[in-house]
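Since the structure comes first, as structure tokens, the remarks are kept for the end.
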């Protein structure tokens, strides 16, 4: 006579406590992550006199969009010229980030495909050399980038800044795309080669159409990295009107008696595109970044 094992079930109280603990921990993490962004928004829609009041109100007493109007040039105030640079710098940041992203996706994916499909000691060595360049602190590369761009006449230009950003975003793009291409079965490419396609046609017609998550992950990562970069833009593009958004916001801090609510509004505008991008493509980003982590 066989005795069937009775599955163990946790007491109801224990399960409730465990679930509550998980929810509380998740809420604390969410507050820790979202809190600074939420406070930045609250500051941006508040008057400075309300922010300096004690105790500082957590909810705006007199919410207003006047700070955004000052940045857009709809409201006149002292230091309006510095605040209006935010919109011009916003456009510069978008142009540079989009250019760097497109260049990385086109050339970085091609390099990643080559590293994924061609194995040799020379290829492995070159791959690690490419990754080693990204391990160097960016500040070490700035003098070389400054001298190179000055000799080429590209200092204080968006083109020069795009070239500089590509120098330290390429390694990540190559690594991400290489990991993703390794998850695609080689049989798919072999069937294309049997049908008469060249290696380039196989890449363009078979591999690229099914590599969307990898492109989104690499593109989003490159865009955010270029959008938020401060040090290189501050050094290479010091000319007024040619800088990107982070140095423009930092320049506002040096102005005497400048309203901190305006700085907060500028910071919120700066953080908004990256946050929206992450929310829209988070599923593809996770899929692309985790590709290649499990093989077999």
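Looking at (1) without any contact (Cβ under 8 Å) to a residue 40 or more places away in the chain; (2) in contact with a helix residue (DSSP H, G or I) (Cβ under 9 Å, 6 or more places away or on another chain); (3) not in a helix (DSSP H, G or I), can you tell me which one residue 155 breaks?
For residue 155, the failing item is (1).
For residue 279, all conditions in the list (1) modelled with pLDDT under 80; (2) in contact with a helix residue (DSSP H, G or I) (Cβ under 8 Å, 6 or more places away or on another chain); (3) part of a helix (DSSP H, G or I) hold save one; what is the number of the exception?
Of everything listed in (1) modelled with pLDDT under 80; (2) in contact with a helix residue (DSSP H, G or I) (Cβ under 8 Å, 6 or more places away or on another chain); (3) part of a helix (DSSP H, G or I), residue 279 misses just condition (2).
Checking the condition modelled with pLDDT under 80, crowded, with 17+ Cβ neighbours inside 10 Å and more than 27 Å from residue 168 (Cα to Cα), which residue from 83, 53 passes?
On the way: 53 fails: crowded, with 17+ Cβ neighbours inside 10 Å.
Going through 83, 53 in turn, just one is modelled with pLDDT under 80, crowded, with 17+ Cβ neighbours inside 10 Å and more than 27 Å from residue 168 (Cα to Cα): 83.
Between a first residue in the range 42-67 that is in the same structural domain as residue 263 (by TED's automatic domain parsing) and under 13 Å from residue 260 (Cβ atoms) and a second residue that is at pLDDT 85 or above and assigned to a loop (DSSP other than H, G, I, E, B), which pairs have beta carbons less than 6 Å apart while being 6 or more apart in sequence or on different chains?
Filtered contacts from the range 42-67: no entries.
Restricting the search to the range 209-243, which residues are without any contact (Cβ under 8 Å) to a residue 40 or more places away in the chain and in contact with a helix residue (DSSP H, G or I) (Cβ under 6 Å, 6 or more places away or on another chain)? Please lay out each step first, then the result.
Going through the range 209-243, the residues without any contact (Cβ under 8 Å) to a residue 40 or more places away in the chain turn out to be 209-210, 230, 234.
Selection gives 230, 234.
If we keep just the residues of the range 86-105 that are under 19 Å from the mean Cα position of the chain (by Cα) and modelled with pLDDT under 90, which is surrounded by the fewest Cβ atoms within 10 Å (Cβ to Cβ)?
Kept after step one, since they are under 19 Å from the mean Cα position of the chain (by Cα), are these residues of the range 86-105: 89-105.
With modelled with pLDDT under 90 added as a condition, the list becomes 89-91.
Numbers: 89: 24, 90: 18, 91: 12.
Checking each candidate, the answer is 91.
If I filter the range 106-114 for residues that are surrounded by 13 or more Cβ atoms within 10 Å (Cβ to Cβ), in the same structural domain as residue 176 (by TED's automatic domain parsing) and modelled with pLDDT under 85, do I get at least one hit?
no
The values are calculated or read from the model by the stated rules, or taken from the named source; none is laboratory data. The structure presented is a predicted model; accordingly, all values stated were derived computationally and were not measured. With ideal geometry, Cβ positions are generated from the backbone for all residues, glycine too; neighbour counts draw on all protein chains shown.
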